[in-house]
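Reading through the structure tokens given below for one structure.
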Amino acid sequence: MAQEVRGVIAPGKDQPVRVETVVVPDPGPGEAVVRVQACGVCHTDLHYKQGGISDDFPFLLGHEAAGVVEAVGDGVTDVAPGDFVILNWRAVCGNCRACLRGRPWYCFNTHNAKQKMTLADGTELSPALGIGAFAEKTLVAAGQCTKVDPAVSPAVAGLLGCGVMAGIGAAINTGNVGRGDSVAVIGCGGVGCAAVAGSRLAGAAEIIAVDIDDRKLETARKLGATHTVNSRNTDPVEAIRELTGGFGADVVVEAVGRPETYKQAFYARDLAGTVVLVGVPTPEMRLELPLLDVFGRGGALKSSWYGDCLPSRDFPMLIDLHLQGRLPLDAFVTETVRLDEVEKAFERMHHGDVLRSVVVF
């Protein structure tokens, strides 16, 4: 029988979000209903509210979440009721050309639940990133549920569902940061700080954090940055080169998503170094670089989508590292809030006052 729960709805472009009754159907084949315990307030949700992702309003916001499986549909074998899970927005298919080549993190046919959640009047909702977890319960594809150790706090675990995984994965999976490498991270919000933490976990010798906000730079230092550069008053390219013997960093992670900062990343890397773009640009942005510089500097220019992660591999491993005290995921949680405080959390995030607000149920 369908259930009625409370959820945060974005009714229209740039309109304030509101809490409304959401109807969650019973899970069909390959689907699961999850009782959400915590969900991070991510910048992507703000993009949805602003109409920057699509115009399929109304949206059921929230996607960076953890909770307990309540029910599963026919054919579901990987998770069962009672399992503690992190939700992910890339349920791999197992059958596309990427999956069959042994690269499921590039899956070209990821999927979501087929049924729609609705408002009480029957209006269909578009769940953010196929999840919609600013709700007491949500319906997802079972492949979007990754079982992890229930000893971890839900507020911490859910962060791996998006931003923290994107940053850690940008460093470790995409950038292949290794022992002794020098790394620069441009942009130290949640994703950038996660790239700092990932670089530290990988054994980087130098980790240079770059931002225009000293508060964010201080957080980056706590998470493992060995040097910080405030690019509001210092040329970050020159600073990174100076800190790396005049050469540039082996890996530069661009976590802003703007042409100006991408160019900084490009020229701040060493010859044959790697640039990783994990910041999300907007559709109108354009990049112009001398092709001779692209050729002459060698190395690799990569983009990182969701940190090139494979949830079934990466989520349990990172949770175990956190529980061992080797990955301070709790440092990303600035505050916990109620479901009806999401609009205020968006405002604080927009002003750079928090690393992550987390809705706790």
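Give me a count of the residues in the range 163-190 that are open to solvent by less than 10 Å² (accessible area, probe 1.4 Å), at negative phi and assigned to a loop (DSSP other than H, G, I, E, B).
Residues that pass the stated criteria total 2.
Which is among the hydroxyl-bearing types (Ser, Thr, Tyr) and modelled with pLDDT under 95, of Thr274, Thr261, Thr228, Thr282?
Of Thr274, Thr261, Thr228, Thr282, the one residue that is among the hydroxyl-bearing types (Ser, Thr, Tyr) and modelled with pLDDT under 95 is Thr282.
Looking at the range 86-106, which of the residues that are over 21 Å from Leu125 (Cβ atoms) and touching a strand residue (DSSP E or B) at 6+ places or on another chain (Cβ under 8 Å) is modelled with the highest pLDDT?
Restricting attention to the range 86-106, the residues satisfying the condition of being over 21 Å from Leu125 (Cβ atoms) are 86, 92-106.
Filter once more, so that each one left must be touching a strand residue (DSSP E or B) at 6+ places or on another chain (Cβ under 8 Å): 86, 93.
Details: Ile86: 98, Cys93: 93.
Within the range 86-106, the match that is modelled with the highest pLDDT is Ile86.
Sort out which residues of the range 199-238 are under 15 Å from Gly178 (Cβ atoms), in a helix (DSSP H, G or I) and either hydroxyl-bearing (Ser, Thr, Tyr) or in contact (Cβ under 8 Å) with a residue 40 or more places away in the chain (or both), and write them in order of number.
Ser199, Leu201
Which of the following residues is buried (at least 19 other Cβ atoms within 10 Å of the Cβ) and of a type in the set (Ser, Thr, Tyr): Tyr106, Tyr48? If you could, list the steps in order and put the result at the bottom.
Values: Tyr106 fails: buried (at least 19 other Cβ atoms within 10 Å of the Cβ).
On inspection, the qualifying residue turns out to be Tyr48.
Applying the selection to the range 313-332, what residues are open to solvent by 40 Å² or more (accessible area, probe 1.4 Å) and either on the phi > 0 side of the Ramachandran plot or touching a residue at least 12 places away in the same chain (Cβ under 8 Å) (or both)? It would help to see each step written out before you state the result.
Filtering the range 313-332 down to residues open to solvent by 40 Å² or more (accessible area, probe 1.4 Å) leaves 313, 317, 320, 323-326, 328, 330-331.
Hits for the range 313-332 are Asp320, Leu323, Gly325, Arg326, Pro328, Asp330, Ala331.
Starting from the range 97-124, keep only residues that are more than 30 Å from Thr21 (Cα to Cα), then list their pairs with residues that are hydroxyl-bearing (Ser, Thr, Tyr) and open to solvent by 50 Å² or more (accessible area, probe 1.4 Å) whose Cβ atoms are within a distance under 7 Å, requiring at least 6 positions of separation or different chains.
Every condition considered, the pairs that remain are Ala98/Tyr106.
For the range 337-353, does any single residue satisfy the condition of being aromatic (Phe, Trp, Tyr) and at pLDDT 95 or above?
No: zero hits.
Checking Leu125 against (1) more than 21 Å from the chain's Cα centre (by Cα); (2) surrounded by fewer than 22 Cβ atoms within 10 Å (Cβ to Cβ): exactly one of these is not met. Which one?
With (1) more than 21 Å from the chain's Cα centre (by Cα); (2) surrounded by fewer than 22 Cβ atoms within 10 Å (Cβ to Cβ) applied to Leu125, the lone miss is (2).
Would you call Ala205 among the small types (Gly, Ala, Ser), modelled with pLDDT of 95 or more, under 24 Å from Leu327 (Cβ atoms) and open to solvent by 10 Å² or more (accessible area, probe 1.4 Å)?
In short, yes.
Would you point out the residue of the range 336-350, among those that are surrounded by 15 or more Cβ atoms within 10 Å (Cβ to Cβ) and free of Cβ contacts under 8 Å to residues at least 40 places away in the same chain, that is farthest from Phe134 (Cα to Cα)?
Arg348
Checking Thr146 against (1) part of a strand (DSSP E or B); (2) among the polar types (S, T, N, Q); (3) over 24 Å from Ser357 (Cβ atoms), only one condition comes out false. Which one?
(3)
Step by step: first the residues of the range 70-88, then only those that are among the hydrophobic types (A, V, I, L, M, F, W, C) and more than 14 Å from Ala135 (Cα to Cα), then the one that is surrounded by the fewest Cβ atoms within 10 Å (Cβ to Cβ). Which residue is that?
At the first step, the residues of the range 70-88 found to be among the hydrophobic types (A, V, I, L, M, F, W, C) are 71-72, 76, 79-80, 84-87.
From what is left, the residues that are more than 14 Å from Ala135 (Cα to Cα) are 71-72, 76, 79-80, 84-86.
On the way: Ala71: 18, Val72: 22, Val76: 20, Val79: 19, Ala80: 13, Phe84: 22, Val85: 27, Ile86: 27.
If we take residues in the range 70-88 being among the hydrophobic types (A, V, I, L, M, F, W, C) and more than 14 Å from Ala135 (Cα to Cα), then Ala80 is surrounded by the fewest Cβ atoms within 10 Å (Cβ to Cβ).
Restricting the range 246-261 to residues that are outside any strand (DSSP E or B) and out of contact with any Pro (no Cβ under 8 Å at 6 or more places or on another chain), which is farthest from Trp305 (Cα to Cα)?
So, considering only residues that are outside any strand (DSSP E or B) and out of contact with any Pro (no Cβ under 8 Å at 6 or more places or on another chain), the one farthest from Trp305 (Cα to Cα) is Gly246.
Could you count how many residues in the range 294-309 are at pLDDT 95 or above, open to solvent by 40 Å² or more (accessible area, probe 1.4 Å) and either within 29 Å of Leu159 (Cβ to Cβ) or among the β-branched types (Val, Ile, Thr) (or both)?
Summing the residues that are at pLDDT 95 or above, open to solvent by 40 Å² or more (accessible area, probe 1.4 Å) and either within 29 Å of Leu159 (Cβ to Cβ) or among the β-branched types (Val, Ile, Thr) (or both) in the range 294-309 gives 4.
Which residues, counting only those in the range 265-293, are part of a helix (DSSP H, G or I), open to solvent by 50 Å² or more (accessible area, probe 1.4 Å) and within 20 Å of Val183 (Cα to Cα)?
Tyr267
The values are calculated or read from the model by the stated rules, or taken from the named source; none is laboratory data. These numbers come from a predicted model, not from an experiment. So basically every Cβ, Gly included, is an ideal-geometry build from the backbone, and we count neighbours across all protein chains shown. What goes into the accessible areas is simple: the full protein's heavy atoms, side chains included, and nothing from ligands, DNA or RNA. Shrake-Rupley method; radii C 1.70, N 1.55, O 1.52, S 1.80 Å.
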